[in-house]
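Read-outs throughout are calculated quantities, based only on the coordinates presented, and are distinct from any laboratory measurement. Not measured: the values here are computed from a predicted model. Note: ideal-geometry Cβ built from the backbone for every residue, glycine included; neighbour counts use all protein chains shown.
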Amino acid sequence: MSKSRMSQQALAAALTTALLAFAAPSIALAQDEGSDRSSRADRSSRSADRSERRNSRQASQKAEALYPNSSRQEPGVSASQRLVKQLNTLSEAANASDTAKGLPVADEILANSAANTYDKSMAGLLAGQLLLNEDNDRAITYLNQAIETGGLDNNNHFQAMLIVAQLQAQEDKYDQALASLDRYITESGSTDPKDQALKGNLLYRLERYPEAIATLKPLVDAGGEVDPQWSQILMASYAESGNSVEATRLAEQVAQATPDDKRSQVNLAVSYLQTDQNDKAIEVFERLRASGQLTEESEYRNLYALYLNSENKEREAIAVINEGLQKNILQEDYRTMAALGQANYFSEQIEPAIAAWRKAAPLAENGDTYLNLARVLHQEGRADEAKEAARQAIAKGLKSNTDAERIISGR
């Protein structure tokens, strides 16, 4: 993808890296059938109270189900009595983000032949949590173990799947992330717009622009509160697919809805640039400039270039360049000083043009700027200075030395 294209200049949206935050789940203390029968009498004395709490908890869990459309049956498996202590130790380590303490315990549980599917899935889930943003490849391995073992309740099972997709996206493994996300959406029955937005983002990253548009457009067109990033990625997809008109329409819509958001305003200006609506682009940049929001070198360069490409706007270009230099946003490099020299010369401010070109010429790749300087000095009757600039032009390299030699000879 070309870096000069609109999405790379201003419209590329950052991939969502905020992972689903989940607290370490509490470990169910219910025993497997047939274990520790000697404690049955003691358990029975508390059975009524526990049953009431369990029924209340189950009703609450059902009400809070995150994936009501999934056809997956809850496994209904609880922790093995002999591993409860290890699982609680692992849970405490996960809550404390203590990787050194937690991972060995998780590995012990995963290697234990007596561990059931719940034990192993929970160990994989908590180990993956411990490694988030520390070692994402290992986190993905543990989370996939939790998923494939199949012992988690639906909420944790499907959230683990979503986190795997997010981690793969964060590691720029977009093909893998899309495959994981598609599986998650299909199996969970998720209708969350955020999941579709992530899919659209991944399709955009994979340069599958028509599919990205088809995924994101319904989200943006649905109305209500729309995440600006969704619109920005849709806008970039339109731009990359060559539909600059639709990209500009969307940019205008987003900018109008978020007048205080600088990025949306810059995106609008760039959209106007891409559709040769330079006057409108200037208006947007000038509003940002007036409010002190032009803070990037590229923004100042875009604005002064727009003025230089407009008729009789050289003085405006000079003002923008000088302001950028005063704020140390622009540097006295070749591009800036050559542009400043050009703007001054064509606005008939010869001395400032000469001063700017004197700074630009030594920084140029060849002798063309020295030759321009020599021509202006010659026109001004400053023969000695003109001859020196001409010699510098030849020394730095010209396609043709004819004009420089003419100035040196005094003709």
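Side notes on the structure shown:
- 3J(HN,Hα) from dihedral phi, segment 142-154, Karplus parametrisation 6.51/-1.76/1.60, rounded to Hz, x for glycine, proline: 5, 5, 5, 4, 4, 5, 5, 5, x, x, 8, 5, 4
- Qualifying trypsin sites (Lys or Arg not before Pro) in segment 297-358, where qualification requires a DSSP coil assignment and no more than 14 other C-beta atoms within 10 Å, comprise LYS327.
- At R0 = 41 Å, FRET efficiency that the Cβ-Cβ distance of GLN253 and ALA395 yields, to 0.05: 0.15
- Residues in segment 191-209 reached by a label modelled at SER71 [backbone nitrogen below 20 Å; 7 Å Cα→Cβ]: 191-192
- For segment 364-411, alpha-carbon Rg over 2.2 N^0.38 Å: 0.96
- Applied to segment 299-311, the Karplus parametrisation 6.51 cos²θ - 1.76 cosθ + 1.60 on θ = phi - 60° returns per-residue 3J(HN,Hα) values of 5, 5, 5, 4, 5, 5, 5, 4, 5, 5, 8, 9, 6 Hz, with x for Gly and Pro.
- Segment 71-226, Rg to Rh (Cα coordinates; Rh as Kirkwood inverse mean 1/r): 1.05
- Relative contact order for segment 247-375: 14 percent, from Cα pairs under 8 Å spaced at least 6 residues apart, divided by residue count.
- Using alpha carbons only, the radius of gyration of segment 334-397 set against its Kirkwood radius gives Rg/Rh = 0.94.
- Subtracting the Cα-Cα distance of ALA114 and ARG411 from their residue separation scaled by 0.36 nm leaves 97.0 nm.
- Between SER97 and ASP368, residue separation times 0.36 nm minus the direct Cα-Cα distance comes to 91.4 nm.
- As a length-normalised measure over Cα pairs under 8 Å and 6 or more apart, the relative contact order of segment 66-173 settles at 27 percent.
- In segment 179-221, the inverse of the mean reciprocal separation of distinct Cα atoms equals 10.4 Å; this is its Kirkwood hydrodynamic radius.
- FRET efficiency estimate (nearest 0.05) - Cβ-Cβ, GLU323 to GLN379, R0 41 angstrom: 0.90
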